[in-house]
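Q: Before I ask anything, let me first share the structure, which is written out below as structure tokens.
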There are 2 protein chains.
Amino acid sequence: MRFSNLLFNSLKESPKEAKIVSHQLMLRSSMIQQHTSGIYTWLPLGFKVLKNIEEIVRSNQDQIGCNEMLMSTIQSSDLWTKSGRYADYGKEMLRIKDRHDNELLYGPTNEEVITDLFSNYVNSYKGLPKYVYHIQWKFRDEIRPRFGVMRGREFLMKDAYSFDLDHDKAVKTYQTFFMCYLKTFKELGLQPIPVKAATGAIGGDLSHEFQILAKTGESELAYDPELVSQDLLEKSFDEITSMYSASDEMIDKSKSNVVIGRGIEVGHIFNFGTKYSEPLECYVLNNEGKKVTPYMGSYGIGVSRLTAAIIEAFHDDKGIKWPFNISPFKINIISSNDKFIDIAGELYDTLSKKYINISFDDRDLSLGRKIKDSELIGIPWSLIIGKNFDEKNEFEVINRSSGEKFFVNKQELENFQFEQYTP
Amino acid sequence: MRFSNLLFNSLKESPKEAKIVSHQLMLRSSMIQQHTSGIYTWLPLGFKVLKNIEEIVRSNQDQIGCNEMLMSTIQSSDLWTKSGRYADYGKEMLRIKDRHDNELLYGPTNEEVITDLFSNYVNSYKGLPKYVYHIQWKFRDEIRPRFGVMRGREFLMKDAYSFDLDHDKAVKTYQTFFMCYLKTFKELGLQPIPVKAATGAIGGDLSHEFQILAKTGESELAYDPELVSQDLLEKSFDEITSMYSASDEMIDKSKSNVVIGRGIEVGHIFNFGTKYSEPLECYVLNNEGKKVTPYMGSYGIGVSRLTAAIIEAFHDDKGIKWPFNISPFKINIISSNDKFIDIAGELYDTLSKKYINISFDDRDLSLGRKIKDSELIGIPWSLIIGKNFDEKNEFEVINRSSGEKFFVNKQELENFQFEQYTP
């Protein structure tokens, strides 16, 4: 995309209301704009990042045979009354009355809806296990929304739900999602710490949070240093969960050899058995023709929050440093002045055929300002056509993360390994 | 995807509440389920269709340099009060109060939000023209939601907005979107009739609806038969709009040589000048440094409604007949009995590498039932491994639309032109 077409206007200074670095940088780089308290517009750059994250989350859900679908944002209160959570949810639930005075709500989560729906489509053990998910906007009417999209009111969440015939099978399913989450966060460039968690409002007997280490994290975290020193994907569920980790009030202060840090929760999984299937009268017939209640789990990832969490993990004083697969653009072409604007345009057309997301800063601004904007946005590579092109027909390629500069001719540019990038 | 993993259960009979064929077929084929009046869950099959349509709409918007972004579903009432539409919208607007008693609403459209946002990012004529769009859920609290997703309350719409320096430029932009819409609907397999329209609640001096002919259409339509006898994309905006078309009360009863039909509105575009930029105090500086008010337009496509409109256009008494690029699956592999289940599984794996969306009906059901389900869902091709495979190593390939059968060996199957399909 050409910057002249892009809805973008960088800010030099951080808006006062932004207290944490991800919020500051998202506002400064035109990723988001606050519409009203805790509700954000995703500008073109932020939207691209959100979609890239969503796509990584999606492909990992698909890989474990999870069915993508979409439940509505607005729900009827009926099922919530039946499950007993309509009263429990308190003021965090956005309650609505329609023109006929029916009680509606903006879904904060979907256990009730999916349990009811499931029982309309599956009625035999032969239909089990069944995994479904959706990536949909949720609303929680936080009393004090803060930290930008880190704790917004309208937020994008991937929530998956599983149905199994018995407790043991449900635990196996839980382990499948657990390992899938480790893989997902790794592909997002993050190193998550799985933390045994309280089950809270969702309920159940087994639950883990996935936390990303960050100074700005909301909760305190204690963990076995082994948990971050290795690739957890090569270990089994039992090996991983045998290592110590705990957050907030669950931390054992007497424990030695643990690291204390702060974490951002980016995922949360629950195994809650028949907590919803029972009150909502969800049954299947087992192989003896007897009615049995399916065992369920739910599995959330905070997609919009992840944009901020990734920035907390990858930034410096110049701006954001996106991982290659998440960055809104992979290469930003910059011409130092008008003289090279046509050559830059041609290069943009050529590279756009090879890479999907190339940008071309064709604005009438100084080279310095364009480079600053490229660094602020966090595009992995800047490709400058300037002095060196004039003198030696060479392009200048700058690595956003390391600051390394490469001077390459046209042939070398074609073979340049742009994908080899560490934020 | 394997049918054993899919959340799917076909219904033989049409549910009573469904009055039109698209609603009946979407319920019978597990595309959607009603959650509550006018609000639907998109089951895996329906969701795939919705995404395929969305992708065609998206790529056509991108091609004209329109920036994708995302505005929130929940809006503050402030801007609506400023534009004067907060009172006008009446009971169709879903009004909400949050825990602090702030007045919110579920966005039925986005002229106010985008106008306000634009003025924060563009302040010079150099930033014009600017085109932005989003594909987001909207809510209109219809007094009598009906016809399934054709007239739901929560619905998915693509809405684009344009900003130009003056009226003439805005009209050029309007023409660009007009032609883009013809191309979009053509790629969706539809033949739209552009109809000069009243501007209604959106306002402005120039507006067209895009209507699809269907017996079940909600509005009456009169049009020059030339409009559907040719590829409109080869004509200019002026040539197309000089041909007669009108809907509802705008029909000129004295007109001869016109066809009368019924239409489903799938798109609506508006050129409304400064109707929103003025009250919302949106300005840019022109090349003389003087404040001027940008000229705007908005351009809607009913994405969720299109799923139903396409079914109205493509179905028979057996079920849906999806166009190839919209169908949830392109080829459905069916084994006639357990004997071939492994061969079918291998074929599924092979074809899945070549085509993205292959299904494999591995359920323990009769061949007849599986074929019926394939026809009901509307998958373009069924690939049967049965009697002929046993006898002659031949696969049976059935064209959903024409009913034609082809018997092919493995080599012929590899070269089979599955994309050559007309619904």
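Q: Kindly evaluate B:GLU209 against the criterion of being loosely packed, with under 14 Cβ neighbours inside 10 Å and outside any loop (DSSP other than H, G, I, E, B).
A: When the stated conditions are applied, B:GLU209 does not pass them.
Q: Report yes if some residue within segment A:36-49 is free of Cβ contacts under 8 Å to residues at least 24 places away in the same chain, away from chain B (no Cβ under 12 Å) and in contact with a helix residue (DSSP H, G or I) (Cβ under 9 Å, 6 or more places away or on another chain); otherwise report no.
A: no
Q: For the structure I just gave you, tell me whether A:GLU55 is touching a helix residue (DSSP H, G or I) at 6+ places or on another chain (Cβ under 9 Å) and among the charged types (D, E, K, R). Steps first, please.
A: Values: touching a helix residue (DSSP H, G or I) at 6+ places or on another chain (Cβ under 9 Å): no; among the charged types (D, E, K, R): yes.
The answer is no for A:GLU55.
Q: Right, here's the next one. Which one is farthest from B:LEU233 (Cα to Cα) among residues in segment B:127-157 that are of a type in the set (A, V, I, L, M) and surrounded by 18 or more Cβ atoms within 10 Å (Cβ to Cβ)?
A: B:VAL149
Q: Output the qualifying pairs, or none if there are none: Cβ atoms under 9 angstrom, residues six or more apart or on different chains, first residue in segment A:231-244 and in the same structural domain as A:HIS208 (by TED's automatic domain parsing) and within 15 Å of A:GLU209 (Cβ to Cβ), second residue at pLDDT below 90 and part of a helix (DSSP H, G or I).
A: Note: pairs meeting the criteria are A:ILE240/A:LEU232.
Q: Also, I was wondering about something else. Name every residue in segment A:121-173 that is part of a helix (DSSP H, G or I) and facing another protein chain (nearest Cβ under 9 Å), in order of residue number.
A: A:TYR121, A:LYS126, A:GLY127
Q: Among A:ILE64, A:ILE53, which is the only one that is open to solvent by less than 50 Å² (accessible area, probe 1.4 Å), more than 12 Å from chain B (Cβ to nearest Cβ), under 25 Å from A:ILE310 (Cα atoms) and not acidic (Asp, Glu)?
A: Of the residues listed, the single one that is open to solvent by less than 50 Å² (accessible area, probe 1.4 Å), more than 12 Å from chain B (Cβ to nearest Cβ), under 25 Å from A:ILE310 (Cα atoms) and not acidic (Asp, Glu) is A:ILE53.
Q: Moving on. Has segment B:195-208 got any residue that is under 16 Å from the mean Cα position of the chain (by Cα), closer than 17 Å to B:ILE301 by Cα and not hydroxyl-bearing (Ser, Thr, Tyr)?
A: No, every residue in segment B:195-208 fails to be under 16 Å from the mean Cα position of the chain (by Cα), closer than 17 Å to B:ILE301 by Cα and not hydroxyl-bearing (Ser, Thr, Tyr).
Q: Do you know which residues across segment A:356-410 are within 28 Å of the chain's Cα centre (by Cα) and of a type in the set (Asp, Glu)?
A: A:ASP361, A:ASP373, A:GLU375
Q: May I ask you to verify whether A:PHE272 is in the same structural domain as A:ASP78 (by TED's automatic domain parsing), within 25 Å of the chain's Cα centre (by Cα) and touching a residue at least 40 places away in the same chain (Cβ under 8 Å)?
A: Judged against the criteria, A:PHE272 is a match.
Q: Scan segment B:193-203 for residues that are over 20 Å from B:GLN61 (Cβ atoms) and either touching a residue at least 60 places away in the same chain (Cβ under 8 Å) or open to solvent by less than 30 Å² (accessible area, probe 1.4 Å) (or both) and report the count.
A: Qualifying residue count for the region: 6.
Q: Only one of (1) in contact with a Ser or Thr (Cβ under 8 Å, 6 or more places away or on another chain); (2) under 28 Å from A:PHE210 (Cα atoms); (3) open to solvent by 70 Å² or more (accessible area, probe 1.4 Å) fails for A:ASN271. Which number is that?
A: Looking at each condition in turn, A:ASN271 falls short on (3).
Q: Here are the criteria: (1) among the small types (Gly, Ala, Ser); (2) surrounded by 18 or more Cβ atoms within 10 Å (Cβ to Cβ); (3) within 7 Å of chain A (Cβ to nearest Cβ). Tell me which single one B:SER29 does not satisfy.
A: (3) is the only condition that B:SER29 fails.
Q: Which of the residues that make up segment A:246-259 are over 24 Å from the mean Cα position of the chain (by Cα) and touching a residue at least 24 places away in the same chain (Cβ under 8 Å)?
A: Within segment A:246-259, A:MET250, A:ILE251, A:ASP252, A:LYS255, A:ASN257, A:VAL258, A:VAL259 meet the criteria.
Q: Same structure, new question: Do you know which of the residues in segment A:158-192 that are in contact (Cβ under 8 Å) with a residue 24 or more places away in the chain and acidic (Asp, Glu) is most open to solvent (accessible area, probe 1.4 Å)?
A: Per the criteria, the residue is A:GLU187.
Q: Right, another one. Can you find even one residue in segment A:84-94 that is touching a residue at least 24 places away in the same chain (Cβ under 8 Å), out of contact with any helix residue (DSSP H, G or I) (no Cβ under 9 Å at 6 or more places or on another chain) and within 30 Å of A:LEU285 (Cβ to Cβ)?
A: So far as segment A:84-94 goes, yes, one or more of its residues are touching a residue at least 24 places away in the same chain (Cβ under 8 Å), out of contact with any helix residue (DSSP H, G or I) (no Cβ under 9 Å at 6 or more places or on another chain) and within 30 Å of A:LEU285 (Cβ to Cβ).
Q: If you don't mind, another one. Return the total of residues in segment A:326-370 being within 23 Å of A:ASN52 (Cβ to Cβ) and hydrophobic (A, V, I, L, M, F, W, C).
A: 9
Q: Filter segment A:41-81 down to the residues that are over 18 Å from the mean Cα position of the chain (by Cα) and part of a helix (DSSP H, G or I), then identify the one that is farthest from A:PHE118 (Cα to Cα).
A: Out of the qualifying residues, it is A:THR81.
Q: For segment B:67-118, which residues satisfy the criterion of being open to solvent by 40 Å² or more (accessible area, probe 1.4 Å), under 24 Å from B:THR293 (Cα atoms) and facing chain A (nearest Cβ under 10 Å)?
A: B:ASP78, B:ASP116
Q: Just checking, how many residues over segment B:3-26 are within 24 Å of the chain's Cα centre (by Cα) and either over 16 Å from B:VAL149 (Cα atoms) or more than 14 Å from every other protein chain (Cβ to nearest Cβ) (or both)?
A: 14
Q: Please give the number of the condition B:VAL258 fails out of (1) over 26 Å from B:ASN110 (Cα atoms); (2) at pLDDT 95 or above; (3) open to solvent by 20 Å² or more (accessible area, probe 1.4 Å).
A: (2)
Q: Has segment B:361-375 got any residue that is among the acidic types (Asp, Glu) and more than 20 Å from B:ASN5 (Cβ to Cβ)?
A: Going residue by residue through segment B:361-375, those that are among the acidic types (Asp, Glu) are B:361-362, B:364, B:373, B:375.
Retained after the next criterion (residues that are more than 20 Å from B:ASN5 (Cβ to Cβ)): B:375.
Within segment B:361-375 (the criterion being among the acidic types (Asp, Glu) and more than 20 Å from B:ASN5 (Cβ to Cβ)), the answer is yes, since at least one residue qualifies.
Q: Given (1) in contact with a Lys or Arg (Cβ under 8 Å, 6 or more places away or on another chain); (2) within 14 Å of another protein chain (Cβ to nearest Cβ); (3) open to solvent by 50 Å² or more (accessible area, probe 1.4 Å), identify the lone condition not met by A:VAL303.
A: With (1) in contact with a Lys or Arg (Cβ under 8 Å, 6 or more places away or on another chain); (2) within 14 Å of another protein chain (Cβ to nearest Cβ); (3) open to solvent by 50 Å² or more (accessible area, probe 1.4 Å) applied to A:VAL303, the lone miss is (3).
The values are calculated or read from the model by the stated rules, or taken from the named source; none is laboratory data. Everything quoted here is computed from the prediction, not taken from an experiment. Neighbour counts are summed over all protein chains in view; Cβ atoms, including those assigned to glycine, are modelled from backbone coordinates with ideal geometry. These area figures cover heavy atoms from the full protein model, side chains too; ligands, DNA and RNA do not enter into them. Shrake-Rupley method; radii C 1.70, N 1.55, O 1.52, S 1.80 Å.
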